[in-house]
Amino acid sequence: MNKDLLDFYERWMNKANEYDARKLSDCFDKFITLFILYNALYFYIAQEKGHLKKNGLKDFEMATSKIKKYFPYKNFCNNKKVDLAITQLCKLVEEGRFFIRGNNQDLDKELISKSRSTDDEEKTKGILEFVYFIRCNLFHGQKSFTERQKSVLLPCITILEELNKLVFNSLRQNENLISN
């Protein structure tokens, strides 16, 4: 594995672990830190596998679809922490306390359905899309800086922590994954 990526992973995980999730600002910072780390991992894979050269792969595709090939997604979608976190997020949307795709409830219902699928690959894609869209909302300024955001950020943080560990450990254990 690329030493720079290893150093980056360790430094950013340490940074993420220093945040206090009881503080609103730390929830925002931890989510952003963990997503940047996830972005670095899937970008590294995309670059090494040549996905960036083929058809101009979009960030959304790599973060939600292509990445599934490179980590044990069955372990991810059957992880109790991840399952509880996505259940919390789905409940927030179903209760109308939070919207993922603006006010388009049909798209939100579709996302919830994917996230609850009995098909592991579909469920993983749904969970990854959930987090990606929340990231888009946050990064593009559609999330207010209020305490109620913690109910969204905390489950996302759990999902990203588990996801980053699985992707990183898969890369580390399967160094030939990148060289193939």
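The values are calculated or read from the model by the stated rules, or taken from the named source; none is laboratory data. For clarity, every value in this text was computed on a predicted model and none was experimentally measured. Backbone-built Cβ (ideal geometry, glycine too); neighbour counts: all protein chains shown.
Applying the criterion of being small (G, A, S) and outside any helix (DSSP H, G or I) to the residues of region 110-143, the residue that is surrounded by the most Cβ atoms within 10 Å (Cβ to Cβ) is S117. Which of the residues belonging to region 89-109 are farther than 18 Å from P155 by Cβ and in a helix (DSSP H, G or I)? Within region 89-109, Q105, D106, L107, K109 meet the criteria.
For (1) modelled with pLDDT of 95 or more; (2) of a type outside the set (S, T, Y); (3) at positive phi; (4) surrounded by 13 or more Cβ atoms within 10 Å (Cβ to Cβ), each residue gets a yes or a no:
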residue: N104; (1), (2), (3), (4): no, yes, no, no
residue: F145; (1), (2), (3), (4): no, yes, no, no
residue: K150; (1), (2), (3), (4): no, yes, no, yes
residue: C156; (1), (2), (3), (4): yes, yes, no, yes
residue: L163; (1), (2), (3), (4): yes, yes, no, yes
residue: V167; (1), (2), (3), (4): no, yes, no, yes
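Which condition from (1) surrounded by 15 or more Cβ atoms within 10 Å (Cβ to Cβ); (2) farther than 27 Å from I112 by Cα; (3) modelled with pLDDT of 95 or more is the one that L5 breaks? Condition (3) is where L5 drops out.
Do you know which of the residues in region 8-26 that are among the hydrophobic types (A, V, I, L, M, F, W, C) and under 17 Å from L163 (Cα atoms) is surrounded by the most Cβ atoms within 10 Å (Cβ to Cβ)? Step by step, filter region 8-26, then rank; the result is A16. Report, ordered by the first and then the second residue, all pairs with beta carbons closer than 6 Å, sequence separation of six or more or different chains, a first member in region 15-26 that is within 16 Å of S151 (Cα to Cα), and a second member that is not acidic (D, E). Every condition considered, the pairs that remain are A21/C27; D26/Y19.
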